[in-house]
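**Q** Got a structure for you, questions after.
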Amino acid sequence: MRMIVGLGNPGRKYAQTRHNAGFKVIDMLSEAFGIEVGKRSFGGRLGKGGYAGQDVLLLKPWQYMNCSGRPVADAAGFYRIKLSDVLVVLDDMWLEPGQIRLRERGSAGGHNGLADIIEKLGTENFPRLRVGIGHAPADGAVDYVLGEPDEKEDELINDGLERAKEAAICWLEEGTGAAMTKFNRFEKEKNK
């Protein structure tokens with residue numbers, strides 16, 4: 001079994017904010033796989049189904065961003081999922097709007113939701129897929145990530161969300177290394 005986790009904040013108030021990129025990718029995967037993500041479980045919204053001959057869980061931790069770790073740890077523990085089979089999708093304000101980056105492991109990079117997951121899992125050794133939302137002003141990071149992008153940014157971010165969905169599917173089909181090679185190389189060439 002493999003699990004894809006999308007980070008965001010619950011509620012209509014946050015639905016279109018930059019910080020909800022992870023939730024949006026889960027919604028896209030839910031539609032692509034025909035897996036309804038609605039069951040209340042582990043402090044999140046969970047969907048279970050199949051894709052590419054394997055069992056797949058889609059999870060949105062239904063806590064505020066800074067408390068994302070417990071639902072991820074509880075679901076992974078209950079289903080006995082190896083951490084290399086857990087992909088976390090999140091926004092990243094250090095990447096330009098629409099850029100994506102897939103890594104096998106690494107630090108939280110200033111992202112509080114990812115930091116909480118690392119703390120609750122007790123390791124940084126799990127894959128993560130970052131979706132760029134652009135740089136926040138020095139004095140307004142919270143307002144920036146909890147704000148809605150303007151029309152131009154929204155178009156770029158939506159392109160990134162689409163590629164993130166494709167990268168997550170590639171991760172399921174071919175594994176982390178193949179997905180990193182394919183999608184990180186594309187990002188580098190695109191931004192030359």
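The values are calculated or read from the model by the stated rules, or taken from the named source; none is laboratory data. Computed from a prediction, not measured in an experiment: that's the story for all the values here. Here the Cβ is made from the backbone with ideal geometry for all residues, glycine too, and neighbour counts use every protein chain on show.
**Q** Filter segment 17-39 down to the residues that are in contact with a helix residue (DSSP H, G or I) (Cβ under 8 Å, 6 or more places away or on another chain) and free of Cβ contacts under 8 Å to residues at least 40 places away in the same chain and list them by number.
**A** ILE35, GLU36, VAL37
**Q** Only one of (1) touching a Phe, Trp or Tyr at 6+ places or on another chain (Cβ under 6 Å); (2) in a strand (DSSP E or B) is not met by PRO10, so which one is it?
**A** (2)
**Q** Is it the case that some residue within segment 143-156 is surrounded by fewer than 17 Cβ atoms within 10 Å (Cβ to Cβ), modelled with pLDDT under 95 and among the aromatic types (Phe, Trp, Tyr)?
**A** no
**Q** For residues that are touching a helix residue (DSSP H, G or I) at 6+ places or on another chain (Cβ under 8 Å), part of a loop (DSSP other than H, G, I, E, B) and of a type outside the set (Phe, Trp, Tyr), tally how many sit in segment 108-140.
**A** Final tally of qualifying residues: 9.
**Q** Something else about it: Which residue out of TYR79, TYR64 is within 14 Å of LEU7 (Cα to Cα) and among the aromatic types (Phe, Trp, Tyr)?
**A** Result of the check over TYR79, TYR64: TYR64.
**Q** Which condition number in (1) among the charged types (D, E, K, R); (2) free of Cβ contacts under 8 Å to residues at least 60 places away in the same chain; (3) crowded, with 19+ Cβ neighbours inside 10 Å; (4) not in a helix (DSSP H, G or I) is the one that ARG101 fails?
**A** Just one mismatch for ARG101, condition (2).
**Q** Related question: Any residue in segment 140-162 that's in contact (Cβ under 8 Å) with a residue 12 or more places away in the chain: show its pairings with residues that are surrounded by fewer than 16 Cβ atoms within 10 Å (Cβ to Cβ) and in a loop (DSSP other than H, G, I, E, B) at Cβ separation under 7 Å, as long as the two are six or more apart or on different chains.
**A** Hits for this filter: TYR144/PRO137; GLU148/GLN16.
**Q** Residue by residue through segment 40-86, note down the ones that are touching a residue at least 40 places away in the same chain (Cβ under 8 Å), among the aromatic types (Phe, Trp, Tyr) and either loosely packed, with under 15 Cβ neighbours inside 10 Å or in a loop (DSSP other than H, G, I, E, B) (or both).
**A** Selection gives TRP62, TYR64, TYR79.
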